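Asks: I have a structure I would like to understand better, so I am pasting it below and will then ask my questions one at a time.
The values are calculated or read from the model by the stated rules, or taken from the named source; none is laboratory data. Since we're looking at a predicted model, the values are computed, not measured. We place every Cβ from the backbone using ideal geometry, glycine too, and count neighbours over all the protein chains shown.
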2 protein chains.
Amino acid sequence: MGMKERREREKEEVRTKILDAARALFVEEGYEAVTMRKIAQAIEYSPTAIYLHFRDKKAVINALCDTDFLKLATRFRKIAEVADPIERLRAAGFAYADFAMRHPNHYRLMFMTPHPPHSPEESEIEVGNRDEDAYAFVLWTAGEAIEQGLLRPELDDAQLVAQIVWSAIHGWVSLRMTKCNEPWVDWRPQKRSIEAVIDVSIRGILRPQQAPAETSGRGARKARA
Amino acid sequence: MGMKERREREKEEVRTKILDAARALFVEEGYEAVTMRKIAQAIEYSPTAIYLHFRDKKAVINALCDTDFLKLATRFRKIAEVADPIERLRAAGFAYADFAMRHPNHYRLMFMTPHPPHSPEESEIEVGNRDEDAYAFVLWTAGEAIEQGLLRPELDDAQLVAQIVWSAIHGWVSLRMTKCNEPWVDWRPQKRSIEAVIDVSIRGILRPQQAPAETSGRGARKARA
DNA sequence: TCATACACTTAACGCTGTTAAGTTTCGGAG
DNA sequence: CTCCGAAACTTAACAGCGTTAAGTGTATGA
């Protein structure tokens, strides 16, 4: 009797319908447009039906975040192949900024909207696994850079290094998003700007002798190896 | 006859009452607690009375932001006395982070909440005046650093440099604020962490020969001069 | 003294997240 | 076959939100 299983499968289907509708809504209309009633309308259920699948609205949002975190981690997985930790860090920085600018609503939700902390057990993401947890990826890369003696000696803490580079790139992304239309700041072109942020961060953590003399770092990738 | 003047003065009084109440509300209870009805209750007016003084809720919020921007600029004004642009930049970074962590709700409002761009004419802040506009202060400092040949030659654009260091520090602050309770990131102590962010940023923009060999920069302040 | 301009209030609209109670549907036990 | 109970879902409602139209009162200038 696979009745129970079928029931569960059907319920799961509705659950994903809800998530898909919610995602579509705020990809098209932005975060504020995601309301329980609009989700319900999109999937042709009553608003209260959502509460049978999620405790409240925040739970819907958190579930969305989870899958988006996974997408970011997936992008990072390809970058894991880069052998040199510094170049891996650089590539991750570009990928992160690119992800953010391509999916601004997702990014807002994931990193700029304060929601009550996500308890790991109810999340689909395995914390610490660098194939699923993007932060763990950066942590791992920072740790390798430290091990190989590439960083300044006082930067001997992978958490600290990860937080430094993450701060720089997140800062760039989030300022662009919230203040891009402000008249009092004359934003530089995206490409040049993010390159500069990443270059400065990496140069700032590198051990002095390791820092290449060239300007943009691009041409000096293998010089260290 | 000063009737008109008195009327205007009284109206201005109510206006500041509204702003004070709004500020008190979200300092104590956070951003979401600031509702028109609660403001009205606090000042013992009806909710609609607010609309006689502000076009809508966003206008109230914008007015709050303005005065908070001014406060930050006031802190920067003291730092303007630091002669060396690099040390001035460092001091501004610490002041900025300190301001943010001391007034997290203000900071959220000012830099992390997307509101429709603030047209300069309806703002009290004189854009570009470094005594009122904190961004102008950083811009000025970055410009001086460039003029004095302290920065890497490819960083010849004050806007770009200002945006780089602002990104780094804003990133640190805003990640702390939105993700400080996340279990998957092991935050380092504030003091050490912000020092590291500022050190890395500054070292990343400095012309190589100029970079002092010491770790924290603190002891090397005058070494360059 | 009277009309008017102005500050303000009352009542309402349409929206939000959320809940209590009611309805429908359907598999399994007697 | 019948009846029970559980599960999925809906309807109606509550309290709150920002905002607006209409109405009230008061003080000022003519």
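Residues are listed down the side, and each one gets a yes or a no for (1) modelled with pLDDT under 95; (2) in contact with a strand residue (DSSP E or B) (Cβ under 8 Å, 6 or more places away or on another chain); (3) within 11 Å of chain A (Cβ to nearest Cβ); (4) in a helix (DSSP H, G or I):
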| site | (1), (2), (3), (4) |
| --- | --- |
| B:ILE164 | no, no, yes, yes |
| B:HIS170 | no, no, yes, yes |
| B:VAL173 | no, no, yes, yes |
| B:MET177 | yes, no, yes, yes |
| B:ILE198 | no, no, yes, yes |
| B:GLY204 | no, no, yes, yes |
| B:SER216 | yes, no, yes, no |
| B:GLY219 | yes, no, no, yes |
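Asks: Which of the residues belonging to the stretch A:35-64 are farther than 23 Å from A:GLU8 by Cα and within 26 Å of the chain's Cα centre (by Cα)?
Replies: The answer is A:THR35, and nothing else.
Asks: Here's a check for you: in the stretch B:1-25, which residue that is within 11 Å of DNA strand D (Cβ to nearest atom) and within 30 Å of B:PRO104 (Cβ to Cβ) is modelled with the lowest pLDDT?
Replies: B:LEU25
Asks: Against the condition modelled with pLDDT under 95, out of contact with any strand residue (DSSP E or B) (no Cβ under 7 Å at 6 or more places or on another chain) and more than 7 Å from chain A (Cβ to nearest Cβ), how does B:ARG188 come out, does it pass?
Replies: No: the conditions fail for B:ARG188.
Asks: Here is a further query. Looking only at residues that are of a type in the set (Asp, Glu) and at pLDDT below 80 in the stretch B:78-131, which one is nearest to B:LYS191 (Cα to Cα)?
Replies: Among them, the one singled out is B:GLU124.
Asks: Tell me which residues, restricted to the stretch B:57-76, are among the charged types (D, E, K, R), under 22 Å from B:ASP98 (Cα atoms) and touching a residue at least 40 places away in the same chain (Cβ under 8 Å).
Replies: We begin by selecting, within the stretch B:57-76, every residue among the charged types (D, E, K, R); these are B:57-58, B:66, B:68, B:71, B:75.
Going one step further and asking which of them are under 22 Å from B:ASP98 (Cα atoms), we end up with B:66, B:68, B:71, B:75.
Selection gives B:ASP66, B:ASP68.
Asks: Identify all residues within the stretch A:23-56 that are among the charged types (D, E, K, R), near DNA strand C (Cβ under 7 Å from one of its atoms) and either in contact (Cβ under 8 Å) with a residue 12 or more places away in the chain or not in a helix (DSSP H, G or I) (or both); write none if there are none. Give the steps one after another, and end with the answer.
Replies: The first filter runs over the stretch A:23-56 and keeps only residues among the charged types (D, E, K, R), leaving A:23, A:28-29, A:32, A:37-38, A:44, A:55-56.
Among the residues that remain, those that are also near DNA strand C (Cβ under 7 Å from one of its atoms) are: A:37-38, A:56.
If the condition is that a residue be among the charged types (D, E, K, R), near DNA strand C (Cβ under 7 Å from one of its atoms) and either in contact (Cβ under 8 Å) with a residue 12 or more places away in the chain or not in a helix (DSSP H, G or I) (or both), then A:LYS38, A:ASP56 are the ones that fit.
Table: residues versus (1) closer than 22 Å to A:LEU175 by Cβ; (2) touching a Lys or Arg at 6+ places or on another chain (Cβ under 9 Å); (3) within 16 Å of DNA strand D (Cβ to nearest atom); (4) among the charged types (D, E, K, R).
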{"residue": "B:ILE61", "(1), (2), (3), (4)": "yes, no, yes, no"}
{"residue": "B:ARG77", "(1), (2), (3), (4)": "no, yes, no, yes"}
{"residue": "B:ARG88", "(1), (2), (3), (4)": "yes, no, no, yes"}
{"residue": "B:ASP98", "(1), (2), (3), (4)": "yes, yes, no, yes"}
